[in-house]
Ligand code: SF4
């Protein structure tokens, strides 16, 4: 006799009503049939919940990222299930792994091909600081070639740490003024990297 197939040996009764959480509304003023809020807050709310990551994985940290995308950790819960392998459609560059100095210009080129607004996350010790590879051939942190918004420590960081870094990125995205990218400070930051 065939044994019954059980797909989940610990079934949990899901209650969709309790398990679906809604995003917080931006601060504003509302009444019957209307709501006002800052444009930056509304744009930030949309952007932070629809980030398209561009994975740039060169070594072991990339494996942790695969786990982060898989069903157990499921980055898609944050509105970021659409990974892009074309920089032109992505707004979050996630650099994971050891970056050799020869690879530095490639990271920068990928960054340049991304449209504004764009953010960068250095995942793991190697991308953040060169990690254990204090050698002539390894870039001692990707912030030597592109500006970095969030650093995730660890060698490798666990998927929880990557998710935490992603949520820090979401905080930055949600709070960013829509005028920041045209500000003199941002232009000066890019110019310090030789980016016009
Ligand atoms: S930080 Fe550690 S795990 Fe990540 S790429 Fe470097 S050596 Fe590998």
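Structural remarks
- Relative compactness, the chain, computed as alpha-carbon Rg over 2.2 N^0.38 Å: 1.21
- Going from the fewest other Cβ atoms within 10 Å to the most, the residues 123, 23, 145 appear in the order 23, 145, 123.
- Whether the range 154-196 is rounded, prolate or oblate, judged on the alpha carbon gyration tensor where a/c under 1.5 counts as rounded: oblate
- The chain: calculated mean residue ellipticity at 222 nm from DSSP helix runs of at least 4, using -39500 (n - 2.57): -9500 deg cm²/dmol
- Ratio of the Cα radius of gyration of the range 90-186 to 2.2 N^0.38 Å, where N counts its residues: 1.09
- Per-residue packing, averaged as other Cβ atoms within 10 Å, sorts the ranges 28-38, 125-135 into the order 125-135, 28-38, beginning with the highest.
- Put in line by how crowded their Cβ is, counting other Cβ atoms within 10 Å and starting with the fewest, 90, 60, 155 read 155, 60, 90.
FYI, it's all coordinate maths here, none of it is from the lab. In this text the structure is predicted, and so the values were computed from the model without any measurement. Using ideal geometry, Cβ is built from the backbone for each residue, glycine included, and neighbour counts are taken over all protein chains shown.
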